[in-house]
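Here, each number is a calculation from the coordinates, and none is a lab measurement. These figures come from a predicted structure and were not determined experimentally. Cβ placement follows ideal geometry from the backbone for every residue including glycine, while neighbour counts extend to all protein chains displayed.
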Amino acid sequence: MSSKTKIITWLKPLSFLTTISLFVFIVNRIIDATYYNHIQFIFSKYIYPNDITFLFSAFTNMGEVVTALLGIEITAVAIIVQLSANKYSSKIMELFITDRVNFYVFSVYVVTGVNTMLLVLTSGNVMIPYFSIFINNIFLILSLIIVIPHFAYVFNFLRPENFLQIIEEDAKKIFRKIRTKNELKFPSYKKQMAYNIDFIGDVALNSVHNSDRAIALMCIVTLKNISNYYISQKKLFPENWHKLSGDENIDPDFANYSSFVLKKIEENKVLFERKVLRLFELVFNLTKANQRDISSGILMNTRKIFEQAVYSDDFGVQWTVIKYFNSYLRISISSKDPRSAFNTMEHYRIIGEIVMEKNTKMLFTIFKNFKYYGQESNKNNILFILETAAYDLYLLLKLLHEKKIQNFDEFLELYLTLDEPIDLVEKLQFDKREMSLLGVRIAQVKLAAYFLKKGEIKLAEKIYEDMKNEPRDRIEKIKKLISDTSEEEFWEITPRGINFYYINDVEKDALIEFFNWFKL
């Protein structure tokens with residue numbers, strides 16, 4: 001903090017309190033002097049001149065009461081706020097101090113104390129300041145009355161949903177200011193934005209550490225809301241807003257990036273989104289194993305950011321989100337966590353559904369990513385992920401066909417290369433990986449049944465050509481696994497709840513025709 005900033009930090013509240021205190025005192029005295037006879041007639045019935053010494057003695061005592069109340073307020077509130085800051089974030093203390101309601105409440109105590117002191121020191125028997133005494137009494141009563149309501153306000157203020165809402169509204173206010181194109185204030189706006197995101201990030205990470213899942217999810221949703229509002233307004237921002245300021249090198253979310261990465265962030269205009277998604281990645285990595293509801297919240301809200309980017313035609317954010325979904329999959333595979341990859345792929349597939357009719361290039365990239373990470377997981381002996389990739393791509397291909405998307409054959413050909421050739425599977429690992437490869441073939445067989453049901457014989461034949469050299473015992477095993485699966489809902493509790501091997505009765509009839517081609 002510079003010397004100038006330190007001085008301003010002191011001068012603003014000091015000048016405000018001094019001005020208000022003197023203003024109240026001087027205005028009251030002017031009213032007393034101007035309308036003394038009228039005021040004396042009204043108030044002399046309640047304030048007796050003979051008791052002036054006693055009266056100001058009482059005011060002296062009341063001044064001490066007010067200052068004592070202020071001390072109690074500051075002490076009690078400081079303890080409460082500090083406990084909350086220890087639990088959530090040290091930045092809560094700063095947020096509390098800058099809150100207007102808290103500042104005005106403390107101002108009432110200060111103004112009351114100052115006016116009581118000035119009233120006692122400047123009054124005498126010559127002219128009793130009846131109006132000033134009346135107004136000061138109101139301030140004294142107000143100082144006593146607001147104690148309990150203020151404590152209630154403090155406790156309510158420190159509820160996470162409330163201070164997160166304050167941060168969200170502050171961020172949106174900054175975004176609206178950016179549209180004014182006052183470029184001189186852009187550095188301060190960027191610092192405030194980074195501060196807001198770091199604030200929410202601190203609360204999220206501390207909540208994860210304390211296993212406070214509801215608050216962690218609340219933070220994730222707040223970051224998503226801020227991001228989506230930002231994306232919706234971004235086209236209205238001046239071009240210079242997206243230039244890097246140089247402070248990114250000391251931001252922990254960007255400090256380890258090369259100049260090449262920072263340049264790409266600037267070109268794609270995704271500085272703010274990268275900061276939010278970097279935090280999402282960090283929380284996902286911390287919670288994927290033992291707090292899956294939080295990691296699932298990360299996946300869902302990352303997808304919602306993508307949806308907003310599609311709605312706003314922000315391709316920079318769209319490709320950035322895809323990279324982060326790839327990172328989620330890599331984290332899951334590296335930590336040998338199939339459940340996290342299983343959940344990630346569902347949201348990744350929904351992204352494919354969103355862009356299906358708008359961006360086939362992006363969809364094809366998603367297909368290749370599913371293939372790559374599915375095969376990577378199988379190479380690392382992480383079972384079921386390749387099978388999950390096959391099922392999700394099967395759903396996407398059905399939608400592609402129904403919507404009559406161009407270049408469908410390219411998607412189908414890529415899909416048929418999803419399973420690894422058997423001769424590349426090491427003999428010692430064959431039994432472990434056989435079920436994953438069978439799962440891929442089952443998904444492809446189900447797709448063939450769908451094609452036959454739709455009368456697309458040639459498409460079904462492409463799948464047959466890819467499978468015709470499979471050993472007959474494997475084809476028999478695939479047929480048995482499908483025929484033995486009668487329940488669509490999986491028999492355990494899972495986020496998806498779907499049984500991958502299930503096929504409806506209509507497509508089962510078409511499946512009989514497909515298996516007959518193998519002359520079993």
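Which entries in the list Lys368/Lys403; Lys235/Lys263; Lys458/Lys508; Lys91/Lys224; Lys235/Lys304 go over 30 Å, if you measure between the two C-alpha atoms of each? From Lys368/Lys403; Lys235/Lys263; Lys458/Lys508; Lys91/Lys224; Lys235/Lys304, over 30 Å: none. Among Leu22, Leu69, sorting on how many other beta-carbon atoms sit within 10 Å of each Cβ, with the fewest leading, yields Leu22, Leu69. Around the Cα centre of the chain, unit charges on the Cβ atoms of Lys, Arg, Asp and Glu (plus for the first two, minus for the last two) sum to a dipole of about 1180 debye.
Given the options Leu271, Asn136, Phe315, identify the residue whose Cα lies farthest towards the positive end of the charge dipole of the chain (+1 on Cβ of Lys, Arg; -1 on Cβ of Asp, Glu). About the Cα centre, the residue reaching furthest to the positive side is Asn136. Here Glu413, Glu248, Glu273, Glu266 are placed in order of increasing Cβ neighbour count within 10 Å, fewest first, which gives Glu413, Glu266, Glu248, Glu273.
The convex hull around the C-alpha trace of the chain, projected and averaged over every direction, spans 33.6 square nanometres. Count Lys and Arg as plus one, Asp and Glu as minus one, and take only other residues whose Cβ is under 14 Å from that of Leu511; the net charge is then +1. Mind giving me the FRET efficiency for Phe151 and Ile20? R0 is 22 Å, r the Cβ-Cβ distance, nearest 0.05 is fine. E between Phe151 and Ile20, to the nearest 0.05, is 0.40.
Cβ crowding within 10 Å, taken as a proxy for footprinting-reagent exposure, orders Val355, Val111 from fewest neighbours to most as Val355, Val111.
Over the chain, Cα pairs under 8 Å with separation of 6+ residues give a relative contact order of 9 percent.
Here is what passes the span test in the chain: the DSSP H helices with alpha carbon length of 18 Å or more along the helix axis and a Kyte-Doolittle mean of 0.5 or above are 3-34, 52-87, 100-122, 130-145, 213-233, 271-287, 385-402. Spatially, the stretch 374-389 and the stretch 442-504 are offset by 18 Å when compared through their Cα centroids. Averaging the Cα positions of each part gives two centres, and for the stretch 82-113 and the stretch 238-313 these lie 31 Å apart.
Computed over the stretch 278-348, the quotient of the alpha carbon radius of gyration and 2.2 N^0.38 Å is 1.06. At the listed q of 0.12, 0.15, 0.16 Å⁻¹, the Debye profile of the stretch 161-335, built from one uniform point per Cα, gives log10 I(q)/I(0) equal to -0.53, -0.84, -0.97.
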